[in-house]
Amino acid sequence: MTQVRETIGAELDRVLGEVLPRRIDSACFIDPPASPNVGDPVIFLGQLDYMRRAHPGCRMWFVDQANYAPHMDRWIERTSVLLVQGGGNFGDIWQETHEFCLRILQRFAHKTIVQLPVSIHFSDPARASRTAGILAGLRDFRLMTRDQNSQDYALQHFPGEPTLAPDMAFAMAPITRKDPVVDYVCLLRSDREAAADHDAILDVLRGLNATFEVGDWLDETDHDLLAADARISSRLNRRPIAMWFQRGAALRARERYSRGRLAVGIERLSRGRTVITDRLHAHVLCCLLGIPHFVLDSFDGKVSAMHRTWTHAFPFARFVESPAALAGLLQSPPLPTAP
């Protein structure tokens, strides 16, 4: 959607141009997950699309929790820059993911490492302090945060000067919505980050003279694409010789899976003339697709933080404090359609 790309997309390109090395011959992405949550794959796609635009000819591959083994270290060592997956995994909500990335950072503390834009959330101050100690030992580490709350936290708790930047999904190549079929699509979290009262939201919708659908995008995935991705990851993990031949195949498989998840997200969200969601990347995709939508917060506050920092100026993207507030808004004139 033109307005979003001319504002948020342009700012992301500008900041990345300042933070990343001017010339990158090879890049290793650290822990892009093959997740049914559409948010993680679209972040990865944004990272890939940006690198292809800004650094054409750069050789790219990845390591993650499924495929990494020590025999990969010599290949990581030859890589120009390590790019750590952006998103909501920096902190102790998804502790296993955070710990894996910290292990890689410690192992390659002498390399140029860029943490792509993240939300930061720690419930345990001791874990935050340990993370700060690890970051302090890195020779050339650049931390990017994707909202002002995370930026303020990083300034207070971590060494160096973090850089504020939009979520990497805003770097994706243009996407287009499909025609709507119902009045409202209600896409609600079904994982540990849910905070909104979903029953109250559904009660609001039932009180309207409108058609609606309810679900989450975790409840469908392409098992064939995921299985192909897993087979290549297993070979990379078990067979050192496979690294030479199959790093590119692994990236292509992960990208195919990620583009499949993006297609699921576009299909789900496009079905509604208006979307109601508490998923951050449903909000981001609605912005990119130009879909009018109401968005509620997740338990760690990253949705509201994103909206305050980057998307508050879009009249078709309305943050809602509670289901009670949503009820009043749905009785008002509809949100404008994105230009």
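Of note:
- Top-ranked residue in segment 160-188 [being hydroxyl-bearing (Ser, Thr, Tyr) and within 22 Å of the chain's Cα centre (by Cα); ranked as surrounded by the most Cβ atoms within 10 Å (Cβ to Cβ)]: THR163
- Subset of segment 201-255 (residues that are among the basic types (Lys, Arg) and either within 25 Å of VAL275 (Cβ to Cβ) or modelled with pLDDT under 65 (or both)): ARG206, ARG235, ARG238, ARG239
- Single residue of segment 140-159 satisfying the filter (in contact with a strand residue (DSSP E or B) (Cβ under 8 Å, 6 or more places away or on another chain), of a type outside the set (S, T, N, Q) and free of Cβ contacts under 8 Å to residues at least 60 places away in the same chain) that is surrounded by the fewest Cβ atoms within 10 Å (Cβ to Cβ): ASP140
- Some residue of segment 305-328 being free of Cβ contacts under 8 Å to residues at least 40 places away in the same chain, surrounded by fewer than 24 Cβ atoms within 10 Å (Cβ to Cβ), among the polar types (S, T, N, Q) and assigned to a helix (DSSP H, G or I): no
- Some residue of segment 104-111 being over 22 Å from the mean Cα position of the chain (by Cα), at pLDDT 95 or above and crowded, with 19+ Cβ neighbours inside 10 Å: yes
- Matching option when the condition is crowded, with 21+ Cβ neighbours inside 10 Å and among the β-branched types (Val, Ile, Thr), among VAL84, VAL15: VAL84
The values are calculated or read from the model by the stated rules, or taken from the named source; none is laboratory data. All values derive from a computational prediction rather than experimental measurement. Cβ sites come from the backbone with ideal geometry, for glycine too, and all protein chains shown count toward neighbours.
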